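Engineer: Handing you this structure, nothing more for now.
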Amino acid sequence: MKIAVDAMGGDKAPHEIVKGSVLAARQFHDSEILLIGDEKAIQRELDSCGAIPKNITTHHATQVVSMDDPATYSIRQKANSSITRSVELVAKGDAVAVVSAGHTGATVAASTLHLRTLKGVRRPGIATPFPTRSGVCMLIDVGANIACKPMHLFQYGVMSAIYSKCILGLKAPRVGLLNIGEEDAKGNELAKETFALLSHSSLNFVGNIEGREIFDGKADVVICEGFVGNVMLKFAEGLATGLLSTIKAEAMKSFWSKLGLFLCKPAIAPLKAKMDFAEYGGAPLLGVNGVCIICHGRSDSRAIFNAIRVALQLSKNKVNEHIISELEKFNAPATVVA
């Protein structure tokens with residue numbers, strides 16, 4: 001399986017991107033990693049990685065999408081960017097998946113334009129792993145679609161449930177709708193209409209859940225519109241980082257607190273790893289006709305390695321085929337809301 005990697009995307013590109021790709025090429029012998037970007041820059045990084053596996057190649061792209069570029073501008077004016085070229089390889093069938101830590105908006109726009117959506121899918125959504133007390137849940141959408149309709153949110157639930165079954169191994173994923181209260185009548189019209197669709201579906205819908213209940217593991221899939229999801233994701237990330245930093249700073253104020261922190265290190269280490277986005281690799285853009293993994297802009301080599309791992313899992317488990325098949329069963333609900 002060929003994986004197209006945007007070598008120029010991300011705060012630490014191309015060094016960490018190339019390093020992570022080489023690690024993946026060495027680990028996953030049945031795959032081929034295609035590094036897309038400035039060939040000279042990529043080659044310099046490859047030269048510093050020692051022996052290069054035979055299953056890693058480069059494809060030249062002359063342009064780079066910067067974080068300041070509007071998504072639509074980057075697609076129209078930077079047709080030879082590493083992001084666009086990576087997506088085009090998937091669209092042409094020359095790769096099964098694309099991995100990028102670059103401009104999220106540009107990656108979503110390029111994937112939607114060149115890959116199109118799966119049969120029956122109204123809008124694609126970004127599903128990101130969210131750590132909970134009992135494991136992990138999938139939060140969707142976290143930024144692909146900020147103008148949602150009830151059917152979009154309903155389909156997010158279907159697609160993420162399929163992902164949870166195929167990738168996380170859950171037999172009947174619990175699906176929850178992010179809302180301001182647990183009661184059925186809570187929320188705006190979007191939430192109420194989505195609640196009705198989910199309630200009358202065959203999904204394992206557990207009702208409305210509040211933001212604080214995500215961490216309690218009340219649901220395996222949490223649905224929300226992209227604007228809310230993106231704010232929540234970044235708030236949670238900042239909160240986790242801030243808490244760990246505060247604990248460390250306070251512990252450094254005395255010998256005894258330093259000792260206490262040292263003794264607690266074996267318990268803190270797994271918690272820190274659980275909250276580290278690099279452990280999960282990236283977030284799949286569910287609903288496009290291909291596999292697209294969107295990574296954190298600060299991704300290091302470990303995050304890229306794990307993102308490639310997730311891309312291979314999605315392809316091997318034929319998640320898109322399962323999504324199409326499952327959505328066909330929901331044709332009746334699809335006529336309820338335009």
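Taken together, the values in this text are just the output of simple stated rules run on the coordinates, not laboratory data. The structure presented is a predicted model; accordingly, all values stated were derived computationally and were not measured. Cβ atoms come from the backbone with ideal geometry, glycine included; neighbour counts cover every protein chain shown.
Engineer: Using Cα pairs closer than 8 Å and at least 6 residues apart in sequence, work out the relative contact order for the chain, in percent.
Structural biologist: About 22 percent, as a whole number.
Engineer: In deg cm²/dmol, rounded to 500, what helix-only [θ] at 222 nm does the chain give when every DSSP H run of at least 4 residues adds -39500 (n - 2.57) and the total is split over its residues?
Structural biologist: Rounded to the nearest 500, it is -14500 deg cm²/dmol.
Engineer: Taking 0.36 nm per intervening residue step and subtracting the Cα-Cα distance, what contour gain separates PHE255 from THR117 on full extension?
Structural biologist: 43.9 nm
Engineer: Show me the ranking of peptides 151-157, 313-319, 58-64, 174-180 by mean Cβ neighbours inside 10 Å, starting with the highest.
Structural biologist: 151-157, 174-180, 58-64, 313-319
Engineer: Same structure, new question: If packing is taken as the mean number of other Cβ atoms within 10 Å per residue, what is the order of 121-127, 230-236, highest first?
Structural biologist: Details: 121-127: 25.1, 230-236: 15.7.
Going from most to least packed, we get 121-127, 230-236.
Engineer: Quick one: dipole size for the chain, taken about the Cα centre, charges +1 on Lys/Arg Cβ and -1 on Asp/Glu Cβ, in debye to the nearest 20.
Structural biologist: Details: 37 positive and 32 negative charges, 113 e Å.
For the chain, the charge dipole is close to 540 debye.
Engineer: Step through the residues of the stretch 199-213 one at a time and calculate ³J(HN,Hα) from phi using the Karplus curve (6.51 cos²θ - 1.76 cosθ + 1.60, θ = phi - 60°), rounding each to whole Hz and writing x for Gly and Pro.
Structural biologist: Residue by residue, the stretch 199-213 yields 5, 9, 9, 8, 5, 7, 7, 9, x, 6, 9, 8, x, 5, 7 Hz.
Engineer: 5 Å is the cut-off here: which amide hydrogens, built 1.01 Å from N in the peptide plane, fall below it relative to LEU177, excluding neighbours closer than 5 in sequence?
Structural biologist: GLY207, ASN208, ILE209, ILE223
Engineer: Compute the FRET efficiency between GLN27 and VAL228 as 1/(1 + (r/R0)^6), taking r as their Cβ-Cβ distance and R0 = 56 Å, and round to the nearest 0.05.
Structural biologist: Working: r = 36 Å, r/R0 = 0.65.
Once rounded, the FRET efficiency stands at 0.95.
Engineer: Amide H of ILE33: which non-local residues (sequence gap of 5 or more, or other chain) have their own amide H closer than 5 Å, using H built in the peptide plane?
Structural biologist: ILE3, ILE56, THR57
Engineer: Right, another one. Around VAL98, under 13 Å between beta carbons, what's the net of Lys plus Arg minus Asp minus Glu among the other residues?
Structural biologist: Combined, the nearby Lys, Arg, Asp and Glu give 0.
Engineer: From the cross-link list LYS186/LYS318; LYS171/LYS316; LYS19/LYS258; LYS149/LYS329; LYS119/LYS316; LYS165/LYS329, which pairs have alpha carbons spaced over 28 Å apart?
Structural biologist: Too far apart for the 28 Å limit: LYS186/LYS318; LYS19/LYS258.
Engineer: Next question, about the same structure. Compute the distance from the alpha-carbon center of the stretch 219-262 to that of the stretch 1-57, in whole Å.
Structural biologist: Measuring centre to centre over Cα atoms gives 32 Å.
Engineer: Give the cross-link partners of LYS265 among the lysines, using a straight C-alpha distance below 21 Å as the criterion and excluding same-chain residues fewer than 8 apart.
Structural biologist: Of all the lysines, those that pass the test against LYS265 - Cα under 21 Å, at least 8 places apart if same chain - are LYS248, LYS253, LYS274.
Engineer: How much space per residue, in cubic angstrom, does the convex hull of the C-alpha atoms of the stretch 1-44 take up? Could you put the intermediate results ahead of the total?
Structural biologist: Numbers: hull volume 2.6 nm³, N = 44.
With only Cα atoms used, the stretch 1-44 gives 59 Å³ per residue.
Engineer: On to the next question. Just one of (i) 36, 25, 18; (ii) 32, 28, 17; (iii) 33, 23, 18 is semi-axes √(5λ) of the Cα gyration tensor in Å calculated from these coordinates, so which is it?
Structural biologist: Only one listed value fits the structure, namely (ii).
Engineer: Could you give the length gained on full extension between TYR73 and LEU243, defined as 0.36 nm per residue of separation minus the Cα-Cα distance, in nm?
Structural biologist: Working: separation 170, 0.36 × 170 = 61.20 nm, distance 3.79 nm.
Extra length available between TYR73 and LEU243 comes to 57.4 nm.
Engineer: Name the residue from SER111, SER134, VAL121 whose Cα lies farthest towards the positive end of the charge dipole of the stretch 78-165, charges +1 on Cβ of Lys and Arg and -1 on Cβ of Asp and Glu.
Structural biologist: Ranked along the dipole, the leading option is VAL121.
Engineer: Using a/c under 1.5 as the rounded threshold, could you call the stretch 83-170 rounded, prolate or oblate? The axes a ≥ b ≥ c are square roots of the C-alpha gyration tensor eigenvalues, and prolate needs a/b larger than b/c, oblate otherwise.
Structural biologist: Here the stretch 83-170 falls in the prolate category.
Engineer: Follow-up. Would you kindly state how much longer the chain becomes between ARG298 and LYS192 on full extension, computed as 0.36 nm times their sequence separation minus their alpha carbon distance, in nm to one decimal? Show your work: numbers first, answer last.
Structural biologist: Values: separation 106, 0.36 × 106 = 38.16 nm, distance 3.66 nm.
Difference between extended and current length: 34.5 nm.
Engineer: Using a Cα-Cα cut-off of under 16 Å, which lysines could be cross-linked to LYS92, ignoring same-chain neighbours fewer than 8 residues away?
Structural biologist: LYS2
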